[in-house]
1. For region 83-99, what are the residues that are surrounded by 16 or more Cβ atoms within 10 Å (Cβ to Cβ) and of a type in the set (Gly, Ala, Ser)?
2. Write out, first by first residue and then by second, each pair whose Cβ atoms fall under 8 Å of each other, whose residues are 6+ apart or on separate chains, and whose first residue, in region 56-77, is free of Cβ contacts under 8 Å to residues at least 24 places away in the same chain while the second is surrounded by fewer than 16 Cβ atoms within 10 Å (Cβ to Cβ) and of a type in the set (Phe, Trp, Tyr).
3. For region 124-162: of the residues being touching a residue at least 12 places away in the same chain (Cβ under 8 Å) and not β-branched (Val, Ile, Thr), which is most open to solvent (accessible area, probe 1.4 Å)?
4. For the subset of region 56-80 comprising residues that are among the charged types (D, E, K, R) and modelled with pLDDT under 90, which member is nearest to residue 129 (Cα to Cα)?
5. Output yes when any residue across region 62-79 is touching a strand residue (DSSP E or B) at 6+ places or on another chain (Cβ under 9 Å) and exposed (fewer than 12 other Cβ atoms within 10 Å of the Cβ), and no when none is.
6. Which residue is surrounded by the most Cβ atoms within 10 Å (Cβ to Cβ), if the candidates are limited to region 100-123 and must be within 15 Å of residue 65 (Cβ to Cβ) and among the hydroxyl-bearing types (Ser, Thr, Tyr)?
Amino acid sequence: MATLLAERLASSSSAGRPSPTLRCYEGFRASAPRHSVHVCRQAIQTIRRQIPLRIECARVGGMEIPNQKRIEFSLQYIYGVGHTTAKAILVETGVENKRTRELSEEELTTLREEVDKYTIEGDLRRFNALNIKRLRDIGCYRGRRHAVGLPVHGQRTKTNSRTRKGKAKTMPGKKK
């Protein structure tokens, strides 16, 4: 964007010297005239209007999925949609597995409707958080392990389990 602006403004400047708007964009606002900031904003707005509109991402399930990847893998960017679920969605909708940018508006609409049938994103996060809170409240073994921040499913903790426990804290006087 910056190089495009610089090229367009340099081509429009007269007598080979940079215009005040170009100096403003490059960060020399102190040496530029007072109105140059306004002129610079106008120049940027003009160039923005001339750049053709490009869709960067498609929005499915309240999440922007990548445009350049195949739809089977793009759907996996949604929390709660894995590989198996993405394949099932494609089979149920009958949409061909092509790049997201190549999808028509009707295909995107059918994908959105199918994805909305699943528990995804915020609802799923809330569901999981409420389940953990319930375990903590009733005081069961798993709830206590969640509260203390230790592994929940019976893994060993004398060594390993660094993901749950965090970085190792050295203990004075503890030798093998």
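1. 86
2. none
3. My answer is 125.
4. Initially, region 56-80 is screened for residues among the charged types (D, E, K, R), giving 56, 59, 64, 69-70, 72.
Then drop every residue that is not modelled with pLDDT under 90, which leaves 56, 59, 64.
Numbers: 56: 32, 59: 25, 64: 23 Å.
Selected residue: 64.
5. yes
6. 100
The values are calculated or read from the model by the stated rules, or taken from the named source; none is laboratory data. Just so you know, these numbers come straight off a predicted model, no measurement behind them. Positions of Cβ are backbone-derived with ideal geometry, glycine not excepted, and every protein chain shown enters the neighbour counts. These area figures cover heavy atoms from the full protein model, side chains too; ligands, DNA and RNA do not enter into them. Shrake-Rupley method; radii C 1.70, N 1.55, O 1.52, S 1.80 Å.
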